[in-house]
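Peer 1: Please see the structure below; I have some questions.
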Amino acid sequence: MEEKKFSIKETALVVIDLQKGIAAAGRKTEPHETSKVVTNAAKLAEKFRSMGGTVCLVHVSSLDGKDMLNPIVDSAPNWGGQRPADWDEFVKELNVQKSDIVITKRQWGAFHGTELDLQLRRRGIKNIVLCGISTNIGVESTAREAYQHGYNQIFAEDAMAAMSKEEHDSTVKNIFPKIGLVRKTDDIINIIY
């Protein structure tokens, strides 16, 4: 069966949380090293830009943490207290361009409480290529929201990672195939026209 092709005019790259405080050099992620995730995401971004496509860079940010979610849970996320000033800046390898759409979120998913859906719809986007860190948190939350908004999705499996192989694999094997297509970076580059 021939692989479906996706028009660059209707497809956006959405990169989740590849920022200095999350994708720091040397930070351990699995099954792909952070450097590989960043390299593959940057490769996708460059391809999209070279074809005149839409690149959305999403980062999580807060001045004081008071605008972040704070529910009662068994295992609260560690927001790390005081963060370095550049914590929410995108990693340099992404080569942020003025044409990129930058979305700031305050929770795991990139749709709730942001203008991501509005920006995509105004550009006629129907398909999303999704990547970033962490597979089972920010990427999966965004993917579930995108599915509920009616977007077709392609997951760049080798341009995402989690804190453990088990977390990554669970999402990639059990969730993503039910809401989109799971592909490698080079395969995605070959199905975009």
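Peer 1: Hey, can you tell me all the residues within segment 106-139 that are farther than 17 Å from F90 by Cα, touching a Phe, Trp or Tyr at 6+ places or on another chain (Cβ under 7 Å) and in a strand (DSSP E or B)?
Peer 2: N127, I128 - these are the residues of segment 106-139 that are farther than 17 Å from F90 by Cα, touching a Phe, Trp or Tyr at 6+ places or on another chain (Cβ under 7 Å) and in a strand (DSSP E or B).
Peer 1: Let me ask something additional. Looking for whichever is hydroxyl-bearing (S, T, Y), more than 16 Å from L130 (Cα to Cα) and in contact with a helix residue (DSSP H, G or I) (Cβ under 8 Å, 6 or more places away or on another chain) here; the options are T29, T39, T54. Which one fits?
Peer 2: On inspection, the qualifying residue turns out to be T29.
Peer 1: Right, another one. Suppose the filter is farther than 22 Å from E10 by Cβ, within 13 Å of the chain's Cα centre (by Cα) and surrounded by fewer than 21 Cβ atoms within 10 Å (Cβ to Cβ); does I137 pass it?
Peer 2: Judged against the criteria, I137 is a match.
Peer 1: In addition: Farther than 19 Å from A156 by Cβ and among the aliphatic types (A, V, I, L, M): is that true of I72 in this structure?
Peer 2: yes
Peer 1: So, G124, is that one of a type in the set (G, A, S), more than 25 Å from K165 (Cα to Cα), in contact (Cβ under 8 Å) with a residue 60 or more places away in the chain and loosely packed, with under 13 Cβ neighbours inside 10 Å or not?
Peer 2: yes
Peer 1: Which numbered condition in (1) charged (D, E, K, R); (2) at pLDDT 90 or above; (3) farther than 18 Å from A156 by Cβ; (4) in a loop (DSSP other than H, G, I, E, B) is the only one that K66 fails?
Peer 2: It is condition (2) that K66 fails.
Peer 1: Something else about it: Which of (1) closer than 19 Å to N190 by Cα; (2) at pLDDT 95 or above; (3) assigned to a loop (DSSP other than H, G, I, E, B) is the odd one out, the single condition V37 does not satisfy?
Peer 2: V37 satisfies every listed condition except (3).
Peer 1: Quick one: M163 ticks every box in (1) under 23 Å from G53 (Cβ atoms); (2) of a type in the set (A, V, I, L, M, F, W, C); (3) surrounded by fewer than 20 Cβ atoms within 10 Å (Cβ to Cβ); (4) in contact (Cβ under 8 Å) with a residue 40 or more places away in the chain bar one, so which box is it?
Peer 2: Against the list (1) under 23 Å from G53 (Cβ atoms); (2) of a type in the set (A, V, I, L, M, F, W, C); (3) surrounded by fewer than 20 Cβ atoms within 10 Å (Cβ to Cβ); (4) in contact (Cβ under 8 Å) with a residue 40 or more places away in the chain, M163 comes up short only on (1).
Peer 1: All but one of (1) surrounded by 11 or more Cβ atoms within 10 Å (Cβ to Cβ); (2) modelled with pLDDT of 95 or more hold for G113; which doesn't?
Peer 2: All conditions are met except number (2).
Yes or no, residue by residue, for (1) assigned to a helix (DSSP H, G or I); (2) of a type in the set (G, A, S); (3) within 27 Å of S170 (Cα to Cα):
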residue	(1), (2), (3)
K4	no, no, yes
K9	yes, no, no
L13	no, no, yes
A23	no, yes, yes
K28	no, no, yes
H32	no, no, yes
L44	yes, no, yes
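The values are calculated or read from the model by the stated rules, or taken from the named source; none is laboratory data. Everything numeric in this text was worked out from a predicted model, so none of it was measured. Positions of Cβ are backbone-derived with ideal geometry, glycine not excepted, and every protein chain shown enters the neighbour counts.
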